[in-house]
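**Student:** Let me give you the structure first, and then I'll get to my questions.
The values are calculated or read from the model by the stated rules, or taken from the named source; none is laboratory data. These numbers come from a predicted model, not from an experiment. Heads up, the Cβs are rebuilt from the backbone with ideal geometry, glycines too, and the neighbour counts pull from every protein chain shown. These area figures cover heavy atoms from the full protein model, side chains too; ligands, DNA and RNA do not enter into them. Shrake-Rupley method; radii C 1.70, N 1.55, O 1.52, S 1.80 Å.
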Amino acid sequence: MSGPSSIVAMKKIVQQLRFEAGINRVKVSLAAADMQQFCLQNAQHDPLLTGMSSSNNPFRPQKVCSFL
């Protein structure tokens, strides 16, 4: 690539880099602490941790009805 198309491509790259440089970042340690706090706050509503009653379980085996 040379000429005007090269300049346009480079301008797009510079624009993208400026956009990415302007994004506010969160430190991993803070994000992990927030995620841990969220998980602990919502643990009582998590069916994988608390279990699910058989009447509310959409994945329970369906009962078979037969007239023989």
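**Student:** For the chain, what is the mean residue ellipticity at 222 nm derived from helices alone (per DSSP H run of n ≥ 4: -39500 (n - 2.57); sum divided by total residues; nearest 500 deg cm²/dmol)? Intermediate results must be reported in sequence, preceding the final value.
**Tutor:** Numbers: 3 runs with 36 residues, N = 68.
Taken over the chain, the calculation gives -16500 deg cm²/dmol.
**Student:** Where in the chain lies the longest segment free of trypsin sites (Lys or Arg not before Pro) that are both loop residues by DSSP (not H, G, I, E, B) and have at most 12 other Cβ atoms within 10 Å?
**Tutor:** Details: sites that count: 25, 27, 63.
Counting at most 12 other Cβ atoms within 10 Å as exposed, the longest clean stretch of the chain is 28-62.
**Student:** Round to the nearest 10 and give me the degree value, 0 to 90, for the angle of helix 4-21's Cα axis relative to the longest principal axis of the chain.
**Tutor:** 50
**Student:** Measuring with a 1.4 Å probe in the full set of protein chains, what accessible area per residue, in whole Å², belongs to the chain? Intermediate results must be reported in sequence, preceding the final value.
**Tutor:** On the way: 6950 Å² over 68 residues.
I get 102 Å² per residue for this part.
**Student:** While we're here: Could you tell me whether the chain comes out rounded, prolate or oblate from its Cα gyration tensor? Rule is a ≥ b ≥ c as square roots of the eigenvalues, rounded for a/c under 1.5, then prolate if a/b exceeds b/c, otherwise oblate. Walk me through the intermediate numbers first.
**Tutor:** Numbers: a/c = 8.89, a/b = 2.10, b/c = 4.23.
Here the chain falls in the oblate category.
**Student:** Accessible area of the chain with a 1.4 Å probe: how many percent of it is carbon plus sulfur? Present the calculation step by step, with values, prior to reporting the outcome.
**Tutor:** Details: 4360 of 6950 Å².
Looking at the chain in its full context, I get 63 percent from C and S.
**Student:** What length, rounded to one decimal in nm, is gained on full extension from residue 9 through to residue 34, with 0.36 nm per residue of separation minus their alpha-carbon distance? Write down the numbers at each step before the final one.
**Tutor:** Values: separation 25, 0.36 × 25 = 9.00 nm, distance 3.91 nm.
Extra length available between residue 9 and residue 34 comes to 5.1 nm.
**Student:** Now, a different point. Per residue of the stretch 41-52, what does 6.51 cos²θ - 1.76 cosθ + 1.60 with θ = phi - 60° give for ³J(HN,Hα)? Whole Hz please, x for Gly and Pro, Karplus curve as stated.
**Tutor:** 5, 9, 5, 5, 9, 8, x, 6, 9, 9, x, 9
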